[in-house]
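These notes are about the structure you will find just below.
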Amino acid sequence: MTEQTIRRTSLSSMMGARVLDADGNASGRIAEFLLKSEDAGTHVSCLVLSASGKVRDRQVYTVPLGDLTFSAHGEIRLRADTERTIMELSPSSVLLERDLLDQQIIDVHGHKVVRVNDVDLVWEVEADSVCKLRIAEVEVGMRGAVRRLLKGLPQSLVEALAHRFQARVIPWEFVDLIDRDPARRVRLKIEGDRLSNMHPSDIADILAELAPAEREAVFTSLDEEIAAEALEEVDPKLQRSLLEGMDSSRVADIVEEMDPGAAADLLAELSEERSEAILHEMEPEERAHVEELLEFPEDWAAGRMTTDYVALPDSADVQHAVDALRVFEGDLETVNEIFLLNESQHLTGVVTLARMMLAERSTPLKAIREPRMHTCSIDAGSREIAEQFDKYNLRSLAVLEHDRQLAGVIYPEHVIALLRAGR
């Protein structure tokens with residue numbers, strides 16, 4: 001088995017370090033660390049060398065990591081047959097200092113946005129001196145900041161002072177890197193699958209913390225369903241900012257995935273021209289639901305309700321309810337009750353899922369409906385709605401037209417949104 005030596009270092013301590021040729025003569029200084037998209041995302045592909053250790057020098061070269069050796073004194077040397085190549089960057093290339101230091105990154109493990117102060121690197125040196133350089137973690141605490149602040153002083157002194165501070169690191173595998181290509185257009189370097197697995201509220205918090213360009217990159221990387229859930233969690237001002245530069249057809253795809261009530265609230269915050277353009281791109285059924293809600297004042301119950309609920313004829317049984325739940329296209333997590341309607345679409349009862357699940361499939365729903373029903377009119381105010389939820393500990397509140405037909409349903413999250421908005 002080949003013996004391997006591990007040497008830990010950091011990006012800040014390596015920048016400007018001398019690299020010698022095979023004969024021990026100065027060959028240049030480290031100006032950058034290059035990651036190529038075709039190589040493993042955890043290892044550096046090449047060192048970038050220049051005379052002064054600056055990328056902006058006239059002559060800047062790249063050297064593959066496989067052409068490096070360590071001398072007995074720990075000096076970095078080039079092999080005798082090493083050919084230095086003039087640096088050329090593809091749009092997908094990543095330079096560690098340029099694209100990481102001082103940049104905002106998403107810590108998908110801690111569900112937050114942080115700023116990178118340094119990068120911890122690990123040299124993996126085999127017995128035959130073939131080197132690999134692995135990215136271990138990013139430093140987001142004071143230790144990394146001290147290293148950079150004291151850069152140029154003796155390395156032993158810098159490390160002694162830096163280690164007085166507790167390390168705050170994020171393992172590289174927990175990082176979604178927001179990097180910039182040469183045109184300075186921001187995009188996600190690492191796929192957003194892990195980001196999409198986060199709770200929509202956490203995604204909303206991250207969007208609120210990011211700078212506008214990074215925010216746009218993150219939001220546009222999400223699929224329509226995740227983007228819709230996150231959009232429902234952010235405030236109206238941020239909603240407008242996120243949608244400002246997006247094509248109306250793309251916004252329509254996202255709005256179609258939103259709760260109709262939330263979608264109506266969103267469109268009501270936009271200009272009439274922008275709102276009409278988005279509605280025009282929506283599917284007819286989804287557009288009709290949203291347009292119906294847009295007709296009501298926002299401070300009415302009808303302006304806060306959703307039309308995503310499960311309602312059945314009061315002649316239905318438990319099996320009918322199970323079948324209806326299976327084909328329901330709304331958010332099942334919000335559904336706690338089934339609403340029963342007569343032939344005139346008047347509300348005649350409410351059945352909780354708990355009662356339904358304990359009953360036989362042939363049990364008529366009206367036989368297990370709740371003994372009491374709580375409703376409000378379409379023009380009920382926010383205060384009345386909140387008081388009913390608080391007084392009766394409601395799971396939902398049916399909103400009735402003036403002729404007592406069921407118009408929609410208000411769920412607890414709608415009330416929470418009202419309270420957060422201070423209405």
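Data table
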{"read-out": "Among ASP265, ASP67, ASP118: highest mean-square fluctuation, GNM of the chain, C-alpha pairs under 10 Å", "value": "ASP67"}
{"read-out": "Gain in span if fully extended, THR5 to GLN59, counting 0.36 nm per residue against the direct Cα distance", "value": "16.2 nm"}
{"read-out": "Where only C-alpha atoms are counted, convex hull volume of segment 195-295 per residue in Å³", "value": "85 Å³"}
{"read-out": "Efficiency of FRET from Cβ geometry, LEU238 and ARG134, R₀ 30 Å, rounded to 0.05", "value": "0.20"}
{"read-out": "Shape call, segment 321-395: gyration tensor on alpha carbons, a/c limit 1.5", "value": "prolate"}
{"read-out": "Sites LEU157 and ASN197 - FRET efficiency at Förster radius 60 Å, r taken between beta-carbons, to 0.05", "value": "0.85"}
{"read-out": "Stretch gain in nm, segment SER249-HIS402, where the contour uses 0.36 nm per residue and the Cα spacing is subtracted", "value": "51.5 nm"}
{"read-out": "Ellipticity estimate at 222 nm from DSSP helix runs (n ≥ 4, -39,500 (n - 2.57)) divided over the chain, nearest 500", "value": "-9000 deg cm²/dmol"}
{"read-out": "Gain in span if fully extended, ARG79 to LEU150, counting 0.36 nm per residue against the direct Cα distance", "value": "22.4 nm"}
{"read-out": "Members of LYS54/LYS132; LYS36/LYS151; LYS54/LYS237; LYS112/LYS391 lying beyond 31 Å, as alpha-carbon distances in this model show", "value": "LYS54/LYS237; LYS112/LYS391"}
{"read-out": "Carbon and sulfur %, accessible surface of segment 195-295 computed with the full protein complex present, 1.4 Å", "value": "40 percent"}
{"read-out": "R0 of 41 Å, Cβ-Cβ distance ILE86-GLU269: FRET efficiency to nearest 0.05", "value": "0.20"}
{"read-out": "Portion, in percent, of the accessible area of segment 302-422 that falls on carbon or sulfur, probe 1.4 Å", "value": "46 percent"}
{"read-out": "Sparse-neighbour loop sites [GluC sites (Glu not before Pro); segment 280-328; at most 15 other C-beta within 10 Å; DSSP]", "value": "GLU295"}
{"read-out": "The chain - accessible surface per residue (Å², probe 1.4 Å)", "value": "52 Å²"}
{"read-out": "Per-q log10 I(q)/I(0), the chain, q = 0.06, 0.09, 0.12 Å⁻¹ (Debye; single scatterer per alpha-carbon; no solvent)", "value": "-0.41, -0.71, -0.96"}
{"read-out": "Angle between the chain longest axis and helix 260-269 axis [Cα atoms, degrees, rounded to 10]", "value": "70 degrees"}
{"read-out": "Accessible surface of segment 4-172 [probe 1.4 Å, protein heavy atoms]: carbon and sulfur percent", "value": "48 percent"}
{"read-out": "Crossing angle, helix 200-209 versus the chain [Cα axis fit, 0-90 degrees, rounded to tens]", "value": "50 degrees"}
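The values are calculated or read from the model by the stated rules, or taken from the named source; none is laboratory data. Only a predicted model underlies this, so the values are computations on that prediction, with no experimental measurement involved. Methodologically, a virtual Cβ is constructed for each residue, glycine included, from the backbone with ideal geometry; neighbour enumeration extends over all protein chains shown. SASA here: full protein model, heavy atoms, side chains in, ligands and nucleic acids out. Shrake-Rupley method; radii C 1.70, N 1.55, O 1.52, S 1.80 Å.
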